[in-house]
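Note sheet for the following structure.
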Amino acid sequence: MDQEPLIELDGVSFKYDREWVVEDVDLTIHKGQFLGLVGPNGSGKSTLIKLMLGLEKPNRGQIRLFGKQVKKFNRWQEVGFVSQKANSFNSGFPATVYEVVRSGLVSRMNMFQLFKPTHKDKVYEALAEVEMKEYAHYSIGELSGGQQQRVFIARALVSDPSLIILDEPTVGVDSEHVTAFYDLLGKLNRERNLTLLMVSHDIGTITSHATHVACMNKSVHFHGSTEDYHHMDDEDLSGIYGHSVQQLTHNHEVTHP
Amino acid sequence: MIEAIFEYEFLQNAVITGLLIGLVAPLLGVFIVVRRLSLIADALSHITLTGIAASLLIEKRVTAVNDWNPMYMGMAFSVVGAVFIEKLRKVYKHYEELAIPIMLSGGIGLGVILISLADGFNTDLLGYLFGSVTAVSRDNMWTVVIITTIVVLIVLAFYKELFVLSFDEEHASIAGVNAKSIHFLFIVMVALVIASAMQVVGILLVSALMTLPVAAALRMSVSFKQTIGLSVLFGEISVVTGLISAYQLDVPPGGTIVMAAVVLLLLSIVYRKVRRSGNWWKGETI
């Protein structure tokens with residue numbers, strides 16, 4: 001039986017200027033799922049994330065987070081976010097890993113509330129979860145791309161969210177560290193029952209780690225379990241979102257479980 | 001100089017004001033530098049000059065107005081200028097830095113006209129441009145005490161919001177931080193601190209006190225807290241050595257304070273290179 005829905009999109013459409021970038025998307029993400037949202041470049045994946053996070057407003061349709069309209073939603077401590085931009089932040093920024101992770105607590109705290117010593121344990125707990133505890137006092141700019149992304153996961157974890165949304169977090173991460181990064185996400189999903197929504201254009205890798213897949217090209221053409229996805233034949237696959245998918249899937253061996 | 005401080009009120013005013021400015025200018029400077037807004041301080045200081053000029057002109061032309069304190073008008077212009085910069089940054093979304101030269105040259109242009117109309121090219125003006133050991137009044141000192149207290153309290157209260165906004169604006173808005181209000185509050189604080197610092201360091205050099213100590217601290221620190229601590233320390237050292245040498249040499253303190261900050265900056269670069277002496281000649285960057 002399906003668990004409670006954390007994100008619900010109902011006929012969501014959005015346009016930049018005159019061009020529709022998201023068209024009539026229905027998508028529900030239930031608690032405990034690890035959903036890979038895949039699609040070619042410019043297919044509206046990142047825009048869809050912005051809509052879910054309330055950073056953009058849809059022209060049509062409804063978005064609910066934890067059962068509440070996104071514009072009225074205020075439990076942001078329940079939602080963690082890791083962007084691809086994390087890779088291109090100002091790497092000369094003078095902050096330690098500890099300070100960066102601690103900043104994730106802001107969503108839990110009230111205005112005027114100061115950091116307390118008890119917050120220290122939370123920060124170290126989150127760092128231990130991503131196996132970065134010994135780097136706590138390193139400057140964030142000294143770390144590799146993969147290590148930085150682990151730190152940003154810890155920043156998302158520190159506020160004890162039930163859902164983490166990741167927007168192409170492996171862009172700029174060495175290929176050898178990408179697998180370890182996915183393994184970490186898989187572990188968080190299984191052991192903490194953390195719901196994950198991850199945007200990726202790397203359909204091969206995501207489908208071997210996620211529990212569910214949604215394929216998108218302006219609208220969602222397939223949404224189901226990874227198992228169902230793997231059981232589709234080539235013809236079904238090419239129907240998922242037109243021709244561009246062929247080029248994308250070419251280089252990746254789809255591994256069947 | 002120590003005995004002189006106990007003897008002369010004007011020196012007490014300059015030293016106390018200097019110490020307060022040495023604290024708040026680098027404190028705000030850290031946030032300005034990491035957000036890559038260093039030039040905003042320059043733009044605002046030039047607008048402050050326009051305010052001073054306007055005040056001088058009104059005092060001269062309007063007989064009812066006597067003995068006006070130009071600092072308040074400078075502050076008002078600086079705050080209004082800050083609001084304008086924010087508006088301009090929205091007008092030129094893709095050329096945000098354009099707001100700075102627009103305000104900077106506009107401020108100086110209007111300032112020059114107003115100063116000429118007020119026949120204001122005299123020694124007083126030199127004091128505003130390069131700072132003065134003798135010009136700080138007790139009133140001005142108290143104003144700076146109040147502004148310093150407010151700024152320090154606000155930075156403490158909003159430390160976490162200011163940090164998140166500086167580090168990752170997108171994350172800040174998802175975390176529910178009201179970026180617009182905090183940013184506005186911040187820029188108004190910068191405007192007030194610039195107008196306060198003007199009397200000691202001078203309009204042309206005030207931005208240096210917000211950026212040079214931070215530039216030096218960045219070479220030596222790992223954490224954000226450390227950057228703030230070192231910036232303030234370097235700011236205070238610059239102000240103290242600058243004021244003492246300005247008094248001894250009878251030159252404007254703006255010059256000596258900024259030169260002290262430059263020396264500290266050079267030392268910090270050398271420190272970093274020596275500490276990493278293993279391969280410093282390879283031209284390693286920050």
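Bear in mind that the values in this text are calculations on the coordinates, not laboratory data. This structure is a prediction, so every number in the text was calculated from the model and none was measured. In this analysis, Cβ positions are derived from the backbone assuming ideal geometry, glycine residues included, and neighbour counts consider all displayed protein chains.
Once C-alpha pairs closer than 8 Å and six or more residues apart are averaged by separation and normalised to the residue number of chain B, the relative contact order reads 29 percent.
Taking amide H as placed 1.01 Å from N in the peptide plane, A:Val25 has its amide H under 5 Å from the amide H of A:Gly11, A:Val12, A:Ser13, each at least 5 places away in sequence or on another chain. By the count of neighbouring beta-carbon atoms within 10 Å, fewest first, A:Leu37, B:Leu125, B:Leu230 end up ordered B:Leu125, B:Leu230, A:Leu37.
The listed peptides A:204-217, B:93-106, ordered by packing as a protection proxy, come out as A:204-217, B:93-106 (highest mean of other Cβ atoms within 10 Å first).
Take each residue in B:151-164, count the other chain C-beta atoms within 10 Å of its C-beta, and the mean is 3. Rounded to the nearest whole Hz, the Karplus-based 3J(HN,Hα) values (6.51 cos²θ - 1.76 cosθ + 1.60, θ = phi - 60°) of the range B:156-170 follow the sequence 5, 5, 10, 3, 5, 5, 4, 5, 4, 4, 6, 7, 7, 5, 5, with x at glycine and proline. Look at the stretch A:99-106: the mean tally of other chain Cβ atoms within 10 Å of its residues' Cβ atoms is 6. When DSSP beta bridges are limited to those with both residues in the protein assembly as shown, what percentage is antiparallel, rounded to the nearest 5? Of those bridges, close to 55 percent are antiparallel.
Within a straight-line Cα-Cα reach of under 12 Å, A:Lys50 can be paired with the following aspartates and glutamates, leaving aside sequence neighbours fewer than 8 residues apart in one chain: A:Asp167, B:Glu170. From most to least packed by mean Cβ count within 10 Å, the peptides A:15-26, B:16-27 give B:16-27, A:15-26.
In this structure, the pairs whose alpha-carbon distance is over 27 Å, taken from A:Lys15/A:Lys71; A:Lys71/A:Lys122; A:Lys31/A:Lys218, are A:Lys71/A:Lys122.
Proximity of backbone amide H atoms, modeled 1.01 Å from N, is registered between A:Gln33 and A:Leu196 at under 5 Å, excluding neighbours fewer than 5 places apart on the same chain.
Among the residues of B:218-228, the average count of other protein chain beta-carbon atoms within 10 Å of the residue beta-carbon is 5.
For chain B, modelled as a GNM whose springs connect Cα atoms under 10 angstrom apart, the maximal fluctuation among B:Thr149, B:Thr50, B:Thr63 occurs at B:Thr63. If you wrap chain B in the convex hull of its Cα atoms and look at it from every side, the mean projected area works out to 17.0 nm².
With both labels modelled 7 Å from their Cα along Cα-to-Cβ, the B:Asn69 to B:Asp119 distance reads 2.7 nm. Translational D (Stokes-Einstein, µm²/s) of the range B:12-115 at 10 °C and 1.306 mPa s when Rh comes from the Kirkwood sum over C-alpha pairs? Once the numbers are plugged in, D ends up at 106 µm²/s. Applying a DSSP loop filter and a limit of 14 other Cβ atoms within 10 Å to the chymotrypsin sites (Phe, Trp or Tyr not before Pro) in the range A:48-137 leaves A:Phe112.
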